[in-house]
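**Student:** What follows is a structure written as structure tokens; I'll ask about it next.
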Amino acid sequence: MSSANISPPSEIKHPKSFLEEVIAATPGESHLMNCIQCGTCGGSCPSGQDMDHTPRALFAMIAAGLKEHTLKSNTPWYCVSCYYCTVRCPQSVHITDIMYTLKRMAVKEKIYNDAKAPDFSKTFINWVENYGRAFELGLMSMHMLKHNPFGVFKMAGMGVGMVTKGRMAFTPTRIKGMDGLKAILNKAKELEAVA
Amino acid sequence: MKYNYYPGCSLEKNAASYHISAMAIAKPLGMEFVEVDDWNCCGATEYVSLNLIASYALIARNLALASKNEETKQLVAPCSACYLNLRKCDSYMSESPTLAEKVNTALAAGGLSYKGGTLKVRHLLDVVVNDIGYDAIAAKVTKPLKGLRVAPYYGCMIVRPKLGQNGSFDNVEYPKTLDKLLKVLGAEVIDFPLKSHCCGGHMTQISEGTGYELIRQLVKGATDYKADLMVTLCPMCQLNLDAFQGPMNAYFDTNYNMPVLYFTQMIGLAMGMDPTDLGIGAELVDARPALAKIEIEVPEPKLVIKKPPKEALPMPSLPEEK
Ligand code: SF4
Ligand code: SF4
Ligand code: SF4
Ligand code: SF4
């Protein structure tokens, strides 16, 4: 891509601004520095209507150093990872990856407005960290009981359907190498903390 | 040809029919799948939302295990989300030495290691159309799906984003491989404008209105084009379009009735296989009326009523920390 030679160094050691912090926490070359505020991303986004800010607006806020505002925005949590913005961005900004970065930062700093989305991620991860495998449906019922107990009744028909069709698992399978996996994840989290 | 095979959690249970049908067509098409020993979940889109290094280490454990197989360096995933995660991890580990170093330090704690670029990560559809090829498949078609109008649905993560040198095996905005494959099978394929739009992934869990609207648009699109059924290649897409079609109808007060099958099931049917051997019958939106159109009889599905184990009922709490 044309912007390759003016890219910022991907491995920023001591971030001096919020923008640099975001770039440093995103794997590889995010090209966030090169955003020209064209708005292609927002125009491509299937969740756009429900987002507090379009991705473009969010990137302007990042550039302006509005850290708390940015991390409080629901935008990253409404990102469905469709990668439309990423393939259409004229500046090759890794938009979807940046959304993941912002979620991680918001969780770390504990500044998000609605706990539903982070909670879903945490519940999911908890299963993976204890079993090595997930079971999306059981997880969904768990999540729903916690956040929308009345919604469960609406969903009951679907739940019964999935059970009678033999598609509902009640526990994930546990992998054999659970000890090894735990050791790997613990080490990774140690490295994460110093990064 | 031999491949390492990474089924992913969905294929163990909820999308078992995808796994069964993939296995059923493998042999006659000359694909040999070796399941990655003791693979773990790839973390979907959730792990990376909380931890960066740990999420890549989680994925990389699978790459490390698969790369031990000296017989093949190909790794195939039938789930689009798994495919993207594995592919992205491989590609970023090649591009970013810092990431690769950290991930490998973590892997070492479990006695493993992985070098970016060792494996070639492929989606099952890519393998079927590009390694086996349309001609070889056409030669195996004994019962063309003539008279069946199908909407090919790719979803997002199978074609996007472009990564590394190979980019994406199909066009990122207007993919065509599944269209072509279904034509080879004899079906009437509609030019589905929403074919690579997103079904919302886990969004039904976070904001039901947003999630259901994405599902509604897709199902409505296929219905407006008078498709008999939609064809998918991802267990999460199938779950959203099929299992969540009922709740979506309830939410919007609509009554769409669009069956959703896997491309592997379509291949099997066109090869004259028995629908039950392909896992057909596990859909929540009944696919039998659509298949009856082309004289494929699917027996009344057997209902499995299995009580959940006592200690395993889904409860609104997290598993206890040790
Ligand atoms: S499409 Fe790319 S360049 Fe345009 S506003 Fe979005 S991030 Fe910036
Ligand atoms: S990847 Fe996220 S931000 Fe980008 S278009 Fe899709 S939903 Fe919107
Ligand atoms: S994408 Fe879903 S099913 Fe596939 S491995 Fe990952 S979590 Fe498990
Ligand atoms: S279409 Fe849906 S399930 Fe399929 S890859 Fe996209 S978000 Fe995931």
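**Student:** What average number of partner chain Cβ atoms lie no more than 10 Å from the Cβ of the residues making up B:5-12?
**Tutor:** What the average comes to for B:5-12 is 3.
**Student:** Looking at the protein assembly as shown, I'd like the Rg to Rh ratio, where Rg is from alpha-carbon atoms and Rh is Kirkwood's inverse mean 1/r.
**Tutor:** The Rg/Rh ratio comes out at 0.95.
**Student:** Rounded to whole Å, give me the distance from the Cα center of region A:53-122 to that of region B:153-230.
**Tutor:** For region A:53-122 versus region B:153-230, the Cα centre distance is 24 Å.
**Student:** Let me cross-check residue B:32: its accessible surface, 1.4 Å probe, with only protein heavy atoms counted, in Å² to the nearest 10?
**Tutor:** Using a 1.4 Å probe on the heavy atoms, I get roughly 100 Å².
**Student:** Per residue, how much accessible area does chain B show when a 1.4 Å probe rolls over the protein heavy atoms, in square angstrom?
**Tutor:** On a per-residue basis, 38 Å².
**Student:** Just the projected area, averaged over all directions, of the convex hull on the alpha carbon atoms of region B:162-288: how many nm²?
**Tutor:** Spelled out: convex hull of the Cα atoms, projected over all directions, averaged, 8.7 nm².
**Student:** If you don't mind, there's one more thing I want to ask. How many partner chain Cβ atoms sit within 10 Å of a residue's Cβ in peptide B:203-214, on average, as a whole number?
**Tutor:** 6
**Student:** Can I ask one more? Work out the charge dipole of the protein assembly as shown with +1 on the Cβ of Lys and Arg and -1 on the Cβ of Asp and Glu about the Cα centre, then indicate which of B:214, A:123, B:243 is farthest towards its positive end.
**Tutor:** The Cα lying farthest towards the positive end belongs to A:123.
**Student:** Identify which of B:110, B:30, B:147 has the largest mean-square fluctuation in a Gaussian network model of chain B, with springs joining Cα atoms closer than 10 Å.
**Tutor:** Among B:110, B:30, B:147, the largest GNM mean-square fluctuation belongs to B:110.
**Student:** Here's something else I'd like to know. Can you pull the Rg over Rh of chain B, Cα-only, Kirkwood?
**Tutor:** Rounded to two decimals, Rg/Rh equals 0.97.
**Student:** Report the B-A buried area as the accessible area lost on both sides summed, probe 1.4 Å, in Å² to the nearest 100.
**Tutor:** Using a 1.4 Å probe on protein heavy atoms, the buried area is about 7300 Å².
**Student:** So, counting K/R as plus one and D/E as minus one, what does the shell of residues with Cβ under 11 Å around residue B:42 add up to?
**Tutor:** Overall, the nearby charge balance is +3.
**Student:** Local charge sum around residue A:59 (other residues, Cβ-Cβ under 15 Å, Lys/Arg +1, Asp/Glu -1)?
**Tutor:** Within the 15 Å Cβ shell, the charges total -1.
**Student:** Right, another one. Rounded if a/c is under 1.5, else prolate if a/b beats b/c, else oblate: with a ≥ b ≥ c from the C-alpha gyration tensor eigenvalues square-rooted, which is region B:2-123?
**Tutor:** prolate
**Student:** When chain B is treated as a GNM, springs tying every alpha-carbon pair under 10 Å, which of B:223, B:177, B:210 comes out with the largest mean-square fluctuation?
**Tutor:** B:210
**Student:** Dividing the convex hull volume of the Cα atoms of region A:15-113 by its residue count, what figure in Å³ per residue is obtained?
**Tutor:** Convex hull volume per residue, Cα atoms: 85 Å³.
**Student:** Also, I was wondering about something else. Answer with one residue from B:186, B:137, B:196: the one whose Cα lies farthest towards the positive end of the charge dipole of chain B, charges on Cβ with Lys, Arg +1 and Asp, Glu -1.
**Tutor:** B:137
**Student:** Would you mind computing Rg(Cα) / (2.2 N^0.38 Å) for region B:118-216, counting N as its residues? Walk me through the numbers on the way to the answer.
**Tutor:** Numbers: Rg = 15.7 Å, N = 99, 2.2 N^0.38 = 12.6 Å.
The value comes to 1.25.
**Student:** Still on this structure, please answer the following. Among B:280, B:190, B:59, which one moves the most in a GNM of chain B with springs linking Cα atoms closer than 10 Å?
**Tutor:** B:190
The values are calculated or read from the model by the stated rules, or taken from the named source; none is laboratory data. Remember, it's a predicted structure, so these values are computed and weren't measured experimentally. Neighbour counts run over all protein chains shown; Cβ positions are idealised from the backbone, glycine included. Areas reflect the complete protein model, heavy atoms only, side chains present, ligands, DNA and RNA absent. Shrake-Rupley method; radii C 1.70, N 1.55, O 1.52, S 1.80 Å.
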